[in-house]
Amino acid sequence: MKTETTIQGLAASLQPARAARKTIGFVPTMGNLHEGHLTLVREAKKICDVVVVSIFVNPIQFGPNEDFDSYPRTLDQDSQLLAEVGCDIIFAPSVEQMYGSKPRLTNISVSEITADLCGLQRPGHFDGVAVVVTKLFNMVQPNYAFFGEKDYQQLAVIRQFVRDLNIPLEVIGVPIVRAADGLALSSRNGYLSAEQRQIAPTIYQSLKAAAQALQQGETLSQVLANIKATLTAAGFVVDYVEARTTELQKIEAFSEDLVLFVAAKLGNTRLIDNLQVKHSA
Ligand code: AMP
């Protein structure tokens, strides 16, 4: 496994794979890797000859009051984990390497599907994601890129601009990896106190209960209200509890497959989760 910190170094490391027309898989991350990230790498290994994992905490996708400075940076530990799952190249550039010293005048902004959910709570966030992911795509030029359904809206945004801009690669979504108690794995779970960590699985439990209630005929608005009440009673400050179609369109009733979305804070830690609920006609 090689670790590259410059765009030139990355290009040089990828050159033999490109010359041999090998398939390149790419997994963008912000590091502090856990089993969720490693699952993406394993999926990439299944269908690609060469797998590149980027580790870059992207400043332009963080809001002014968010955790950019405190975001965990654990490159040594991440490298060890990536070696174990067969990653071929780690790309871990500096902010300077990614953005240079001259001002950036180009933005990539996906409309409509970024207007609510996390887009409403985190203005500019998805623009920051779209810009960095596009830059990384241009640097790695992968055949396949892997993203987790944990960030369902982000995955939809990436699929959208890849299609809109004819970026020549295939986006592959990977189901959410959870802890044994149901909590969706996230680098931000590390911020939780022992007590908060005990409470955190309530998100998944309330989503599961909601899915079951929907299947049993309870109304969508009642089910969403129940999730909110359960989370508030458990000590969360709820950002949103929403339902959307799988394409992120608004939905008033459980009349087709839908996705339940939660964003909620425990103390200063903002957690997100979602659950797909199938509608059997
Ligand atoms: P991050 O390092 O948080 O930017 O995440 C990098 C990639 O890993 C994104 O595509 C995430 O959706 C994905 N990811 C993070 N946590 C999970 C999880 N628990 N299950 C599946 N994918 C995940």
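The values are calculated or read from the model by the stated rules, or taken from the named source; none is laboratory data. Computed from a predicted structure; not experimentally measured. Virtual Cβ from ideal backbone geometry, glycine too; neighbours counted across all protein chains shown. Accessible surface areas use protein heavy atoms only, side chains included; no ligands, DNA or RNA. Shrake-Rupley method; radii C 1.70, N 1.55, O 1.52, S 1.80 Å.
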Within straight-line cross-link reach of LYS150, lysines at Cα separation under 26 Å, skipping those fewer than 8 residues along the same chain: LYS45, LYS46, LYS135, LYS208, LYS228, LYS250, LYS265, LYS278
Going residue by residue through segment 24-36, the Karplus relation 6.51 cos²θ - 1.76 cosθ + 1.60 with θ = phi - 60° gives ³J(HN,Hα) values, rounded to whole Hz and with x marking Gly or Pro, of 10, x, 9, 10, x, 9, 9, x, 6, 6, 9, 4, x
In whole percent, what relative contact order does segment 2-174 give with Cα contacts below 8 Å and a gap of six or more residues? 29 percent
In debye, nearest 20, what is the charge dipole magnitude of segment 1-155 about its Cα centre with +1 on Lys and Arg Cβ and -1 on Asp and Glu Cβ, if you could check? 640 debye
Note down the net charge around VAL171, summing +1 for each Lys or Arg and -1 for each Asp or Glu among other residues with Cβ under 14 Å from its Cβ. -3
Full-extension gain between GLN212 and ASP49, please, as 0.36 nm times their residue separation minus the C-alpha to C-alpha distance. 54.6 nm
Give, rounded to the nearest 20 debye, the magnitude of the charge dipole that the chain has about its Cα centre when Lys and Arg contribute +1 at Cβ and Asp and Glu contribute -1 at Cβ. 440 debye
Quick one: 3J(HN,Hα) in Hz for segment 182-191, Karplus 6.51/-1.76/1.60 with θ = phi - 60°, rounded, Gly and Pro as x. x, 4, 5, 5, 7, 4, 6, 4, x, 6
How much of the accessible area of segment 187-273, probe 1.4 Å, is carbon plus sulfur, in whole percent? 46 percent
How big is the gap, in Å, between the Cα center of segment 104-136 and the Cα center of segment 163-182? 17 Å
Among ALA92, THR39, TYR152, the residue whose Cα sits farthest towards the positive end of the charge dipole of the chain, when +1 is placed on the Cβ of each Lys and Arg and -1 on the Cβ of each Asp and Glu, is ALA92
Could you tell me how many degrees, from 0 to 90 and to the nearest 10, lie between the Cα long axis of helix 202-215 and the main elongation axis, the longest principal axis, of the Cα atoms of the chain? 60 degrees
Kirkwood calc, segment 2-174, C-alpha pairs only, radius in angstrom 16.5 Å
To the nearest Å², the heavy-atom accessible area per residue of segment 201-281 with 1.4 Å probe amounts to 49 Å²
Would you work out the relative contact order for segment 187-273, in percent, from Cα pairs under 8 angstrom that are 6 or more residues apart? 30 percent
For segment 1-76, state which chymotrypsin sites (Phe, Trp or Tyr not before Pro) are in a DSSP loop and have at most 16 other beta carbons lying within 10 Å of their beta carbon. PHE68
Full extension between SER94 and GLU195 adds, at 0.36 nm per residue less the Cα distance, a length in nm of 32.8 nm
Integer Hz, Karplus 6.51/-1.76/1.60 couplings in order for segment 87-100, x for Gly and Pro: 4, 8, 9, 9, 10, 10, x, 7, 4, 4, 5, 6, 10, x
Would you compute, from DSSP H runs of 4+ residues alone, the mean residue ellipticity of the chain at 222 nm, taking -39500 (n - 2.57) per run and dividing by the full residue count, rounded to the nearest 500? -11500 deg cm²/dmol
Whose amide H sits under 5 Å from the amide H of THR3, counting only residues 5 or more places off or on another chain, with H placed in the peptide plane? ILE90
Taking only protein heavy atoms into account and a 1.4 Å probe, give the accessible area per residue of segment 21-111 in Å². 50 Å²
For the chain, the longest principal axis of the Cα atoms and the Cα long axis of helix 152-164 enclose an angle in degrees, to the nearest 10, of 50 degrees
Out of residues 5 or more away from VAL51 or on other chains, whose amide H comes under 5 Å of its own, with H placed 1.01 Å from N in the peptide plane? GLY25, ASP88, ILE89
For segment 2-174, the percent of accessible surface on carbon and sulfur atoms (probe 1.4 angstrom, ligands and nucleic acids excluded) is 49 percent
